[in-house]
1. Output the direction-averaged projected area (hull surface divided by four) of the convex hull of the alpha-carbon atoms of the chain, in nm².
2. Could you tally up the Lys pairs in segment 5-193 with alpha carbons closer than 30 Å? Skip any pair fewer than 8 positions apart unless they're on separate chains.
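Read-outs: derived from the displayed coordinates by stated rules, not from any lab. Please read these numbers as outputs of a predicted model, since none were measured by experiment.
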Amino acid sequence: MNISFSQQVKNDLCALPLKKKCCRRSFLYGCMYVTRNFKRDNIEFGADTPPIASCLRALLSGVFGVSCAEDSKITISLPSDLDLVFNELGEGAAASLDCGVFVCEGCRQSFLRGAFIECGTVNAPGRACHFEFAVADEKTATELAALLNELGFSPGVTVRSSFVGVYFKGSEAVEDILNLIGAQRAAFALMDAKIVRELRNEANRRVNCDTANISKTVDAAQNHIEAIERVLTSGAADLPPALLITARLRIDNPDATLAELAALHDPPLTKSGVKHRLDRLVKML
Ligand SMILES: [Zn+2]
């Protein structure tokens, strides 16, 4: 099965163990909280891939004691099952984000990991860096953004056609949020892509720069040679002997750089000495 980068990241996240029960509960709360159908009398949420589905089913059974059918959509609709869920989370957990669910240091991260698995997307390396939680409505987006702010993150919030996006863009912000939710491998993949891109840009810049320098040298030599040939045909005898020597060396060695030309003189000249003489020749036109 061909899966997207986002799905791969989610599968990786599902494979990470959550050691404490409080964190497993927060994780499930994150999954449910961002969906449209998280209500006191009915809960429905999706599971993108088979590994996600089996991870969610195992956690629901372990944390709440609720068993769900094997399906890509998880439904909890029996009143007795709903009681089990809301006994754990608190009666008001569906009405608004209840931070009372969070017990230990890791709970908020686990909640965000669950939220990402349920509604998140992240662009694959090589594309523009973008990470987004696609949540049901503006209230959910505001509460999620506030939670992220508490943790020192500053997401953007934008209303899209069928959902509200809580997003991060730019490589650093996206790497940071991926690290927060435990997606270190994805963060590394983005970092690698950035380094490759920077190296490639640097190499291109150097090649362009070298090419520009070479053609500048060639152009300059060509200008000199044309000028000197005209000067020589119009009256070589009038040239000071030193200039005549440089003029002949230039014409006889059209590919030589200024440094090479300087070395051909006897005794050798400095580069700036050669340049000075060539400039004088050109000015004689
Ligand atoms: Zn915890």
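1. 23.9 nm²
2. 20
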